[in-house]
Structure formats: C-alpha cells, structure tokens
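Student: I am attaching a structure below and will ask some questions about it afterwards.
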Amino acid sequence: GGRVNFYDPRLAELLRAEIRTLKKALPDLKGVNLWLAEGSGGVGDITAQELQRNKEWEKPLIAAFNEVIRELDIGGILFAHHYLHTVRTHRNVYEMMADFPELILMDDITWPEEDMLHPFLGYLPQSDRRLFFQTNPTALNFLLDTEYIGEGILPSVYPRWWQHNIREAARNGAQIAMGRTFFWDGGYTDINFNRLNAHMFASFCYNPDADTREVFNRAAREMFGNRVPARLLDVLWETEPIIKDVIGINGVDSLGHSRFPRPIYIDVVYTPQGNAMKAVDDLFSPPGTALYPPLTDGLNNYKQWRWQNKTISKPAAEYITRKKKCVSWIEGILPDVHRLSVKLKSNHRKLFVQGYELLAALAKGMVLFVETAHVHHEWAHAKSISDQTARLRFRELAERFRAQAAQTPKNPFLYQERMTAFAEFIERDLPRIGRDADKS
C-alpha cells in the first residue's frame, strides 16, 4: 500500500545507482530515456497534487539524471509528458530542463492523447512552444503502435497524419523523431497494420516532402507483396479520414485505448475527473455554443481538447449523419475487402477482413453512442423530453446495443462487452436516476 515519496532526497541517488547498474549490465548502452509520467504502477504514479508542486521534487531528479548521464558519457532524454498536466506544470518541466541544456527534452506531437483530431503541439500556448524549442535539443514522440486509434487491429494506416506531423516537427526545429512500436499493439507491430506506419514514418523522416501516396504504396507492397490488388490499396488509402470520423465527435475521442467507449462518457457527471475530457454532454449544447475555456495556467486535460480546437457545438443531427455516412462507406467496401483479400497470404487476408469487420461494428456502435448521448442531454440538461419518454427511448437504444453486440465478432477491444454494458447502464441505471430526481 506504500507509495514513492518524490520529495525524499534519497530518490535522486537511487536514480543515479539504477542508471549506473544499467550501464554496467549493458556496456554498449548509448542512452537513457527518463519518464516521469503515469503508467509506472501504483507505487510510482505521480498524482495531480504532486504535479502541482513538480518544481520542488522534479528538479533534483533531473539534476541527478544529468549528473550520471555526463559521468557515464551517454545520452539522456527526459519525457515531459504526464496525462494530468496543467499548462503551468507542463511549462515547469521546460523551465527546469533549461538549466540542463545537454539533456534532450521530449514531448508528444499531440496531447493528452494522439488521436488525429488535434493540431501539432496544439496543447502548448505559443510562448510555451517557443520555450520548448529554445534551449534543449528536442525530440517528439509518435505513437506508431496507434494506441488510441486502432492498435494495428483496425486498418489503422495513417500516411497523411505521419507526414503532416513530421513536416511540422522538422519545420519547428526538432532534432529527433521517436516512433514507438511494439508496445500498445501487444508487440505485434511487425505483423499488423502498424508495420506500414513504421515504414512510412521512417520514409517521411528521410524526406518529409515525399509523395504521400507513393510512400504508402511502397509500405503496403513491402508488407503484402507486389501483387496486392490496386483496389485493396485504394480502400486502405481511403480509410484514414473514415477512421477519424468514426472515432471523433466534434474533436472528442471517447474511445479508451481503442476500446469501445464506456457508458459513463455520455455525461461528465458520471465520468471520473481524470477522464472527464472524454465526456460528450457539452457537445449537445445549443448549436453555436462556445465549449472552450479561456487560456489559463490551470487549464488541464479536461478542457484541453476543446481549447485546442476552439470547439463550437453543432446540431446533434450533424454528428449522427457523419457517423452514418461512415457506416455506409464501410459497408460499401466490405464486399471488395472479402473478395480481393483472397489473393493475399492467409494471415494478411485475416488482417484485412477482421480489421474492416471490426471497423464496421465500431462505426455502428458509435452511431448508437451519439444517439444515446443526445437523448441523455435532452432528458438531463435540455429538459426537452419527459422522464417517461426518456426511459422508453433508452430501452429501445438498449435493445439496439444488445443486437449490435450479438452481431459483432469477438475482438480484443471489448466491443461486445462494452455495448452490453451500455445497454445495462441506460436500461437499469439512468431510469433509476430519473425517478430519484423526480422525488427531490
């Protein structure tokens, strides 16, 4: 039940000793990448409260890191990322790192997540972007394992996304592009769709202005062979903007590491604070409502996406129509995928068929997600439908969720389980909430 005390001065010496041990065990070690981020387990996770005081405990750790890196004559990279940063705590990292100009400062191309819905370094105010590139050599982190947007199981091949961000990285003066592989895709980057992402990423690093389609074709043929049908390549090429529209709702990605959205994301009142940015209730405000806050040092992940995109609410019908257009496109190309993929190796055929069938299931599920969130907003916020009407519509949506779950192939993204959970949530919990509200 214990936790690391980040203020304990002994932690700096432990860090130095650990890196010396690594170097002794790996004499050819060229460098170390230090992450002070979430995901290191309960003992070492940094809380939002500790982040607010990060200059007190992080500066000694960076100093120790810099000291041992110089002692061992190896490279050192500090990753500035944390999911719970505010504008100020993020800036604090850049300011601390400026005192150690030999260390490389790394950050995300987009934050809090990489989902293709937000601009390059859009989370940084202009003054902080200048600070990022000002003193330290800089590296940018690219999630080639497509953690949030398919994990190589969906047809998650994104030539436009990689080229755009590599161009921006080069234009802004980044020295290093770090492409992460073999992590969130279960270690299968070499045999799933992410192989193409890694290939294209390397190509664009050599030549950011290379012809996008040619780079894509070359990567696809390297994996699937020169006899891959041209129509199948066309489908894969056209899929990138479709996946963006399947996943995004006015710039909000409610998926959880590529998993189907949890039902609590229909409203922020049900959503844990750390993931509140994924809640979509505000998107159904009267069309034209500004949903983004003013820029302050306290701006955190909750409203970052809205602030980055300067999000304005749109009619619910627009969100639903866009999702339904995705369903129509996917259903239209599925026969081609089944027919043409027989010309591929069996493992590659399975990759295509499974990827597009799951994308179809996700798209249909996202139609239901948006429709449910809309009904919920009408009932809980706009008060434009009665509790009785809401319960009837929730019951109908629950039946459709169960039907879609039953039609969905088994998969690692929990589509079936999450859709069934959605049905139970809106059928059993929300009507109870409504009745309780009537009594108050």
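Student: Are there any pairs, at least 6 apart or on different chains, whose C-beta atoms fall under 8 Å, with the first in region 59-79 and under 8 Å from F100 (Cβ atoms) and of a type in the set (K, R) and the second surrounded by fewer than 20 Cβ atoms within 10 Å (Cβ to Cβ) and modelled with pLDDT under 95, and if so, which?
Tutor: So the pair list comes out empty.
Student: Follow-up. Quick one: which residue in A423, A406 is free of Cβ contacts under 8 Å to residues at least 60 places away in the same chain, open to solvent by 60 Å² or more (accessible area, probe 1.4 Å) and of a type outside the set (F, W, Y)?
Tutor: The conditions single out A406.
Student: Being polar (S, T, N, Q) and part of a loop (DSSP other than H, G, I, E, B) is the filter; apply it to region 185-221 and report the residue that is farthest from Y148 (Cα to Cα).
Tutor: N207
Student: Only residues that are open to solvent by 10 Å² or more (accessible area, probe 1.4 Å) and in contact with a helix residue (DSSP H, G or I) (Cβ under 8 Å, 6 or more places away or on another chain): list them for region 242-254, please.
Tutor: I242, D245, N250, G251
Student: Scan region 45-57 residue by residue and report those that are in contact (Cβ under 8 Å) with a residue 24 or more places away in the chain and either more than 26 Å from the chain's Cα centre (by Cα) or on the phi > 0 side of the Ramachandran plot (or both).
Tutor: K55, E56, W57
Student: Could you grab the pairs with beta carbons closer than 7 Å, sequence gap of 6+ or different chains, first residue in region 147-171 and at positive phi, second one open to solvent by less than 10 Å² (accessible area, probe 1.4 Å) and assigned to a helix (DSSP H, G or I)?
Tutor: Pairs found: G150/I243; G152/N194.
Student: Within region 359-380, does at least one residue satisfy the condition of being farther than 30 Å from L236 by Cα, open to solvent by 70 Å² or more (accessible area, probe 1.4 Å) and part of a helix (DSSP H, G or I)?
Tutor: Checking region 359-380: not a single residue is farther than 30 Å from L236 by Cα, open to solvent by 70 Å² or more (accessible area, probe 1.4 Å) and part of a helix (DSSP H, G or I).
Student: Among the residues of region 384-399, are any among the aromatic types (F, W, Y), touching a Leu at 6+ places or on another chain (Cβ under 6 Å) and farther than 30 Å from T86 by Cα?
Tutor: Yes; the residues of region 384-399 include at least one that is among the aromatic types (F, W, Y), touching a Leu at 6+ places or on another chain (Cβ under 6 Å) and farther than 30 Å from T86 by Cα.
Student: Please verify whether T89 is open to solvent by less than 40 Å² (accessible area, probe 1.4 Å) and either part of a helix (DSSP H, G or I) or closer than 24 Å to P125 by Cα (or both), treating the condition exactly as stated.
Tutor: Yes, satisfied.
Student: On to the next question. Would you point out the residue of region 291-314, among those that are open to solvent by 60 Å² or more (accessible area, probe 1.4 Å) and either over 20 Å from the mean Cα position of the chain (by Cα) or charged (D, E, K, R) (or both), that is farthest from N92 (Cα to Cα)?
Tutor: Across region 291-314, the extreme among qualifying residues is K314.
Student: Suppose we filter region 242-264 for residues that are assigned to a strand (DSSP E or B) and either within 19 Å of W307 (Cα to Cα) or touching a strand residue (DSSP E or B) at 6+ places or on another chain (Cβ under 6 Å) (or both); how many remain?
Tutor: Adding up the residues that qualify gives 4.
Student: Any residue in region 315-336 that is closer than 15 Å to H374 by Cα sitting within a Cβ distance under 7 Å of a residue that is of a type in the set (F, W, Y) and assigned to a helix (DSSP H, G or I)? List the pairs, counting only those 6 or more apart or interchain.
Tutor: Short answer, once both residue conditions are applied: A316/F284.
Student: Look through region 268-299, keep the residues that are at pLDDT below 95 and assigned to a loop (DSSP other than H, G, I, E, B), and return whichever of them is farthest from H82 (Cα to Cα).
Tutor: By that ranking, first place goes to T271.
Student: What residue, of F120, F65, is of a type in the set (A, V, I, L, M, F, W, C), surrounded by fewer than 22 Cβ atoms within 10 Å (Cβ to Cβ) and not in a strand (DSSP E or B)?
Tutor: F120 is the lone residue from the list that is of a type in the set (A, V, I, L, M, F, W, C), surrounded by fewer than 22 Cβ atoms within 10 Å (Cβ to Cβ) and not in a strand (DSSP E or B).
Student: Say we look at region 381-400 and pick out the residues that are under 18 Å from Y319 (Cβ atoms) and either part of a helix (DSSP H, G or I) or acidic (D, E) (or both); which of these is least open to solvent (accessible area, probe 1.4 Å)?
Tutor: This residue is L397.
Student: Same structure again: State which residue is most open to solvent (accessible area, probe 1.4 Å) when the search covers only region 143-176 and only residues that are assigned to a loop (DSSP other than H, G, I, E, B) and farther than 28 Å from I333 by Cβ.
Tutor: So the residue we want is Q175.
The values are calculated or read from the model by the stated rules, or taken from the named source; none is laboratory data. Since the structure is predicted, the reported quantities are computational estimates derived from the model, not experimental observations. Heads up, the Cβs are rebuilt from the backbone with ideal geometry, glycines too, and the neighbour counts pull from every protein chain shown. Surface areas here come from the heavy atoms of the whole protein model, side chains and all, with no ligands, DNA or RNA. Shrake-Rupley method; radii C 1.70, N 1.55, O 1.52, S 1.80 Å.
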